[in-house]
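The structure under discussion appears below in the form of structure tokens.
Every read-out reported here was derived from the displayed coordinates using simple, explicitly stated rules and does not represent laboratory data. Predicted model, so just to flag it, every value in this text is computed and none were measured. Cβ atoms come from the backbone with ideal geometry, glycine included; neighbour counts cover every protein chain shown.
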Amino acid sequence: MRPLDFHVHFFPESIAPRVIEHLTVHYGIPVNYRGLKEEYLELARMADVQAAVFSTAATRPDQVAAANDWALANRGNGLVPFGTLHPYGEDREIEAELARLKAAGIKGIKLHPDFQCFNLDEERALALYERLIPGFVLLVHVGDDDAPGKTHYATPEQLSRVLDLLPGLTVIAAHMGGYQMWDRAMEALAGKNVFFDTSSTLDFLPDDKFVRMVREHGSDRILMGSDYPFRDPGWEVARLNKVGLSTDELEAVVFRNGRRLLARMGL
């Protein structure tokens, strides 16, 4: 059972320390690794990972091209890049980046509304998602905690509205549908046509609640994600082995669903 890791981030060495510091402050939890490609590749080798989806999200429209350059430059060695866009970019620039990514064989887009400062279901975002149908998978961060001063740009309820408006859109909702909003995720998203990934969930949810989420949403729509540099794929697989999933459910989450989705993407 060779895992597929659908949620990975690493950064240029020159900025990685600043990014790690920002993540630590924003989420208020330890970041266990340095956020470097070489470090992740070694952890993936130790966990016998067969493929890993890595991504970044441009915080401003003028960063999109450079972020996609980074994605394209770092593919290979089992690493599958997702590109990024920004809803506030100029239409012609969005179209140009989509054409460039498509020509390069990129089949996924990562967005992080909290860091990119747009509402998940606002009109400019919906117009961007429409451009992704068909041909691209959207991986989107959903959820956040209730720390004072935080604006919730991406909630499970907002994503539910997006799915209703754009039923042809293929979406992976990170963090089991809503980081720190798991009850709301189950209320708004369970059973809908959306994948969840396991990233940054198993540290927080009791095992029985996690298993209940998997079964109520459907074990065929759950993807393993380590959220490196927060955790590593070996840790994620070891935890999944202990939560109480059946053998068939575990195999579906750890590799079978990911393999099926990559095949749909032509990868």
Please compute the Kirkwood hydrodynamic radius of the stretch 159-267 from all pairs of different C-alpha atoms, in Å with one decimal.
14.0 Å
Among all the lysines, which ones have a C-alpha under 24 Å from residue 110's C-alpha, if same-chain residues fewer than 8 places away are not counted?
37, 102, 150, 192
For the chain, what is Rg from Cα atoms divided by 2.2 N^0.38 Å, rounded to two decimals?
0.92
Share, in percent, of DSSP beta bridges within the chain that are antiparallel, nearest 5:
5 percent
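With +1 on the Cβ of every Lys and Arg and -1 on the Cβ of every Asp and Glu, and nothing else charged, how large is the dipole of the chain about its Cα centre, in debye rounded to the nearest 20? Before the final figure, lay out each step's value.
Details: 29 positive and 38 negative charges, 146 e Å.
Around 700 debye, computed over the chain.
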Ordering of 12-20, 190-198, 98-106 by burial proxy (mean other Cβ atoms within 10 Å per residue, highest first)
190-198, 98-106, 12-20
Order of 24, 151, 84 under a 10 Å beta carbon neighbour criterion, fewest first:
151, 24, 84
Largest first and in whole Å, give the semi-axes of the stretch 10-83's equivalent ellipsoid, each being the square root of 5 times a Cα gyration tensor eigenvalue.
20, 18, 10
Please report 40, 129 as a ranked list, fewest other C-beta atoms within 10 angstrom at the top and most at the bottom.
129, 40
Most mobile listed residue (23, 245, 138) in the chain, GNM with C-alpha springs under 10 Å:
23
So what's the back-of-envelope 222 nm ellipticity for the chain, counting only DSSP H runs of four-plus at -39500 (n - 2.57) apiece and dividing by all residues, rounded to 500?
-11500 deg cm²/dmol
Calculate the length of the line joining the C-alpha centroid of the stretch 51-91 to that of the stretch 143-188, in whole Å.
22 Å
Once the dipole of the chain is set up with Lys and Arg at +1 and Asp and Glu at -1 on Cβ about the Cα centre, which of 88, 179, 133 lies farthest towards its positive end?
133
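Quickly rank 255-267, 55-67 as a protection proxy: mean count of other C-beta atoms within 10 Å, highest first. Walk me through the numbers before you get to the answer.
Details: 255-267: 16.5, 55-67: 18.3.
Top of the packing list down: 55-67, 255-267.
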Between residue 241 and residue 216, what is the FRET efficiency for a Förster distance of 30 Å, r being their Cβ-Cβ separation, to the nearest 0.05?
0.90
Quote the charge dipole size of the stretch 148-267 about the Cα centre in Debye, to the nearest 20; the model charges only the Cβ of Lys and Arg (+1) and of Asp and Glu (-1).
240 debye
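How would 132, 189, 41, 165 line up from fewest to most surrounding beta-carbon atoms within 10 angstrom?
On the way: 132 20, 189 24, 41 16, 165 12.
In increasing order of surrounding Cβ atoms, one gets 165, 41, 132, 189.
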